[in-house]
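A short worksheet on the structure shown next.
Bear in mind that the values in this text are calculations on the coordinates, not laboratory data. Quantities reported herein were computed from a predicted structural model and do not represent experimental measurements. Ideal geometry is used to build each Cβ from the backbone, glycine not excepted, and the neighbour counts take in all protein chains shown.
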Amino acid sequence: MTVLVVAASLLVGVSLGALGGGGSILTVPILVYLAGQDTKEAITTSLFVVGVTSLAALVPHARARRVRLRTGLLFGGFSMAGAYGGGRLAEYVPGTVLLVSFALMMLATAAAMLRRPRPGREEPGREEPGREGPGRVRAEPPLKRIAVEGLAVGAVTGLVGSGGGFLVVPALAVLGGLPMGVAVGTSLLVIGMNSFAGLAGHLSGVGIDWAPALTVTAAAVVGSLVGGRLAGRIPQDTLRTAFGWFVVVMGVFVLAQQLDTAVWTHPATWAVLGTALAGGVTVRLWRASAAKSAP
């Protein structure tokens, strides 16, 4: 176990503690590219690392009252069922397909985090006294909606070997209307539940090398305590933007590692990417123009 792996594992904990996600996004590449594990072993090990670390990171957030317990338990309960099923299905999916799917999901959710709501689109809700942030948040979504979203998030995270922070935080912040700091704290509870459910599914076909797993976990737990202290000092908008761009960078990195060089050098690839970028910029400009002209 190299010093580089331990140092990178500290960053895993800081990411989980401060952003409520990014654990598996970092842990899987660390175990694959730095520790030399194969993809499926790394995914299985990452679920153990992230599960333990997220529960450790949950403590300082809970003390600061940045955890919505009821929402987290309901969302996490449904996600666990999906995560277990996804973990069992992952045994039959090639590792490259898992990592490419992982990267694409990261980019999609990063886009949701970076897209700011248009003025006047916020839904009113009740105040949450004692929670972080002075503003109002939307009422908790109905049980049916929590069930559908929880099962979907759990299935994806179990399949690709993620605790789900990169999906849970946007779901809680964008769809659930929680302040970003509360979404981060609540997501840690869901991540822990998802990780251990997904781990149970993966262990049916893949084992864990416990020596490196415990070393990485110990370093990540230390980092999570540091990250938890930082989270309460970062403004909500800054936290949201940092999370979004962090996921973009990691998604591009993982995708670049998996796709063949010929794909990136082919003119058609850049034509498609250029068209998508131009389309995205055009839509943003059109929306900004429409917002300015609106009464």
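Amide H of Arg68 versus every other amide H placed in the peptide plane: which residues, excluding those fewer than 5 positions away on the same chain, fall under 5 Å?
Thr186
At a Förster radius of 41 Å, what calculated FRET efficiency corresponds to the Cβ-Cβ distance of Ile234 and Ala200, to the nearest 0.05?
The formula returns an efficiency of 0.75 here.
So what are the ³J(HN,Hα) numbers for the range 8-19, from phi and the Karplus equation (6.51, -1.76, 1.60; θ = phi - 60°), rounded to whole Hz, Gly and Pro as x?
5, 5, 4, 5, 4, x, 4, 4, 5, x, 8, 10
Given the Cα-Cα distance of Leu104 and Leu4 and 0.36 nm per residue of separation, how much length would full extension add, in nm?
33.3 nm
Sort 56-66, 225-235 for me by packing, meaning the mean count of neighbouring Cβ atoms within 10 Å per residue, highest on top.
56-66, 225-235
Calculate the FRET efficiency for Val252 and Val97 from the Cβ-Cβ distance with a Förster distance of 22 Å, rounded to the nearest 0.05.
For R0 = 22 Å, the calculated efficiency reads 0.75.
Find out how many positive minus negative residues lie around Pro212, taking Lys and Arg as positive, Asp and Glu as negative, among other residues whose Cβ is under 14 Å from that of Pro212.
Working: positive: none; negative: Asp38, Glu41, Asp209.
Taking every Cβ under 14 Å from that of Pro212, the sum is -3.
Hey, with R₀ at 22 Å, roughly what FRET efficiency would Thr215 and Trp245 work out to, going by the Cβ-Cβ distance, to 0.05?
0.15
For the range 177-233 and the range 57-117, what is the separation of their Cα centres, given in Å?
Cα centroid of the range 177-233 versus Cα centroid of the range 57-117: 11 Å apart.
What is the distance, in nm, between label points placed 7 Å from the Cα along the Cα-to-Cβ direction at Leu69 and at Leu225?
Label at Leu69, label at Leu225, 2.4 nm between them.
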